[in-house]
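Can you keep this structure in mind? I'll have questions shortly.
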Amino acid sequence: MNISVLGCGRWGSFHAWYADHIGHTVTLWGRKGSGHLAALMEQRKNEYLTLPESVKLTDDLREAVSAADIVVISISSQQLRAFCRDLAALGLDLSGKRFVLCMKGLEIGTGKRLTTVFYEELGSAMRVAVWVGPGHVQDFVRGIPNCMVIAAREMKLTRDLVDTFSSPLIRFYYGEDLLGTEIGAASKNVIGLAAGMLDGFGYSSLKGALMARGTHELSRLIEAMGGDRMTVYGLSHLGDYEATLFSPHSNNRRFGEDLITGKPFAKLAEGVYTVEALMDLSREFHVELPICATVYAIIHDHKDPKEQLTQLFLRATKSE
C-alpha cells in the first residue's frame with residue numbers, strides 16, 4: 001500500500017516509521033522550511049527515532065498526496081482547517097483516497113470535532129477516519145506493544161484501515177462511536193494537564209479521584225452531544241490515561257507539572273487549546289465540566305492553581 005504521512009513532528013515521523021516497519025511504501029511530507037524535515041533529510045533521525053532509507057522525504061505536498069492510497073495527517077489540530085484548504089487548493093481528485101487523522105483535539109472557537117472540520121472543507125463524501133489511543137513513540141520504537149483504536153463514520157472504512165495498519169506492535173480495535181471517540185481522545189489531554197498539576201504539588205495520590213471524576217464528566221458531555229457515554233471508558237480516553245496522566249513522556253502531563261514548578265515548557269501540549277473548546281461545548285450543551293473548568297481557570301484565567309485544585313478535590317461535599 002502507498003501511504004503518505006503529512007506532518008513530520010514526533011507522531012508524523014513515527015507514523016512513517018511504523019508504516020514502513022509493517023511493509024508499506026511510505027512518503028513523509030513536511031512544509032518547506034520545516035526544521036523537523038531539514039533534520040530528517042540531513043540525518044535521517046530526530047530525538048525519537050531513526051528513519052530507514054526506504055521512507056521517502058519530501059516538501060512537495062502535491063507529490064505526497066498524489067502518490068498515496070492512504071493519507072495520514074499528523075499536524076497540530078488547530079492547523080487542520082487551514083491545511084484542508086491547502087489540500088483543496090491542489091486541485092487533485094481526492095475522492096479515491098482514504099484519510100486518517102492522527103491528532104487529538106477540538107477546534108477553538110467552534111468546538112468542532114476534527115472530522116467535522118475535514119468534511120466542511122473537503123466535502124461530506126470524503127472517506128476519513130481517526131487513529132487514537134494509548135502509546136508513546138519512545139516505547140513503540142523499542143518494540144513495546146500497545147492497543148489503539150480506529151474509528152470512522154463507515155464501519156467498512158474502519159475495518160479496512162484496521163486491516164492495513166494492524167501488526168504485533170499495535171493491536172487495533174474497531175471504534176463504533178466516532179463522536180465519542182473524538183471527544184474522548186481530545187479531552188484526555190485536558191485531564192493530563194490536571195494530572196501534571198497534581199504531580200507538581202506532590203498530590204499524585206489524587207490521580208485516582210481525577211480519573212474517576214474525569215471519565216464521569218466527559219461521559220455526560222458525550223451523551224449530551226449524541227454519542228455513547230460508555231465510549232469514554234474505552235481506548236480513546238480511559239485507556240489512554242496511563243500514557244497521558246502518568247508517563248514521563250506525556251507532553252500534557254509535563255506541561256501541567258512544569259506550570260506548577262515554574263519551569264518553561266516549549267513543546268506542544270494540545271490540552272491547552274482543547275480546554276477552550278471544551279468550555280464552549282459545556283455551555284452549548286449545558287453540561288458542567290468541573291475538572292475542565294478548573295484547568296481553564298488556572299491556565300487561561302491565571303487563577304491560583306493550589307486554591308483551584310484544592311477547591312475541586314477537597315472542599316466540595318456532594319454525592320458521588
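Can you tell which of LYS45, LYS32, LYS56 is among the charged types (D, E, K, R), in contact with an Asp or Glu (Cβ under 6 Å, 6 or more places away or on another chain) and without any contact (Cβ under 8 Å) to a residue 40 or more places away in the chain? Outline the logic, then answer.
Numbers: LYS45 fails: in contact with an Asp or Glu (Cβ under 6 Å, 6 or more places away or on another chain); LYS56 fails: in contact with an Asp or Glu (Cβ under 6 Å, 6 or more places away or on another chain).
Going through LYS45, LYS32, LYS56 in turn, just one is among the charged types (D, E, K, R), in contact with an Asp or Glu (Cβ under 6 Å, 6 or more places away or on another chain) and without any contact (Cβ under 8 Å) to a residue 40 or more places away in the chain: LYS32.
Is region 168-177 home to any residue that is part of a helix (DSSP H, G or I), surrounded by 20 or more Cβ atoms within 10 Å (Cβ to Cβ), without any contact (Cβ under 8 Å) to a residue 60 or more places away in the chain and not aliphatic (A, V, I, L, M)? Spell out the reasoning first.
Applying the first criterion (part of a helix (DSSP H, G or I)) to region 168-177 yields none.
Scanning region 168-177, I find no residue that is part of a helix (DSSP H, G or I), surrounded by 20 or more Cβ atoms within 10 Å (Cβ to Cβ), without any contact (Cβ under 8 Å) to a residue 60 or more places away in the chain and not aliphatic (A, V, I, L, M), so the answer is no.
Hey, another quick one. Please report, ordered by residue number, the helices (runs of 4 or more DSSP H) entirely within region 1-118 with at least 1 residues that are open to solvent by 10 Å² or more (accessible area, probe 1.4 Å) and farther than 27 Å from SER250 by Cβ.
On the way: elements: 10-21, 35-43, 61-66, 80-89.
Output list reads 35-43, 61-66, 80-89.
So, one more: Restricting attention to region 230-257, report how many residues are in a helix (DSSP H, G or I) and in contact with a Pro (Cβ under 7 Å, 6 or more places away or on another chain).
Applying the first criterion (in a helix (DSSP H, G or I)) to region 230-257 yields 230-233, 238-246, 251-257.
Pick out the ones that are also in contact with a Pro (Cβ under 7 Å, 6 or more places away or on another chain) and you get 239-240, 242-243.
Total meeting the criteria: 4.
Which one of GLY184, GLY192, GLY200, GLY180 is part of a helix (DSSP H, G or I), more than 30 Å from ALA125 (Cβ to Cβ) and under 20 Å from the mean Cα position of the chain (by Cα)? Steps first, please.
Numbers: GLY184 fails: more than 30 Å from ALA125 (Cβ to Cβ); GLY200 fails: under 20 Å from the mean Cα position of the chain (by Cα); GLY180 fails: more than 30 Å from ALA125 (Cβ to Cβ).
So the residue among GLY184, GLY192, GLY200, GLY180 that is part of a helix (DSSP H, G or I), more than 30 Å from ALA125 (Cβ to Cβ) and under 20 Å from the mean Cα position of the chain (by Cα) is GLY192.
Report every pair of residues separated by at least 6 positions or lying on different chains whose Cβ atoms are under 7 Å apart, first residue within region 218-247 and of a type in the set (Lys, Arg), second open to solvent by less than 40 Å² (accessible area, probe 1.4 Å).
ARG220/VAL287; ARG229/SER219; ARG229/ILE222
Which count do you get for residues in region 108-133 that are on the phi > 0 side of the Ramachandran plot and in contact (Cβ under 8 Å) with a residue 40 or more places away in the chain?
The total comes to 3.
Within region 149-165, can you find the residues that are out of contact with any Lys or Arg (no Cβ under 6 Å at 6 or more places or on another chain) and in contact (Cβ under 8 Å) with a residue 24 or more places away in the chain? Don't jump to the end; show me each part of the working.
First, the residues of region 149-165 that are out of contact with any Lys or Arg (no Cβ under 6 Å at 6 or more places or on another chain): 149-156, 158-165.
Passing the criteria: VAL149, ILE150, ALA151, ALA152, ARG153, GLU154, THR158, ASP160, LEU161, THR164, PHE165.
Suppose we filter region 266-305 for residues that are touching a residue at least 12 places away in the same chain (Cβ under 8 Å) and either among the aromatic types (Phe, Trp, Tyr) or not in a loop (DSSP other than H, G, I, E, B) (or both); how many remain? So that I can check it myself, show each step before the final result.
Taking region 266-305 and keeping what is touching a residue at least 12 places away in the same chain (Cβ under 8 Å), we get 267-282, 284-296, 298-300, 305.
Remaining after also requiring either among the aromatic types (Phe, Trp, Tyr) or not in a loop (DSSP other than H, G, I, E, B) (or both): 271-282, 284-285, 290-296, 298-299, 305.
Within region 266-305, residues that are touching a residue at least 12 places away in the same chain (Cβ under 8 Å) and either among the aromatic types (Phe, Trp, Tyr) or not in a loop (DSSP other than H, G, I, E, B) (or both) number 24.
Separate question: Which of the residues spanning region 134-151 are modelled with pLDDT under 95 and on the phi > 0 side of the Ramachandran plot?
Matches in region 134-151: GLY135 only.
Among the candidates ALA277, ALA266, ALA243, single out the residue that is closer than 28 Å to PHE140 by Cα, among the hydrophobic types (A, V, I, L, M, F, W, C) and open to solvent by less than 20 Å² (accessible area, probe 1.4 Å).
Details: ALA277 fails: closer than 28 Å to PHE140 by Cα; ALA266 fails: open to solvent by less than 20 Å² (accessible area, probe 1.4 Å).
Unique residue meeting the criteria: ALA243.
Within region 47-76, take every residue that is under 25 Å from the mean Cα position of the chain (by Cα) and modelled with pLDDT under 95 and give me the one that is nearest to HIS21 (Cα to Cα).
Taking the candidates together, the pick is TYR48.
The values are calculated or read from the model by the stated rules, or taken from the named source; none is laboratory data. Predicted, not measured: the structure shown is a model, and the values here were computed from it. Cβ sites come from the backbone with ideal geometry, for glycine too, and all protein chains shown count toward neighbours. The protein model used for the area step is the full one, side chains on, heavy atoms only, and it has no ligands, DNA or RNA in it. Shrake-Rupley method; radii C 1.70, N 1.55, O 1.52, S 1.80 Å.
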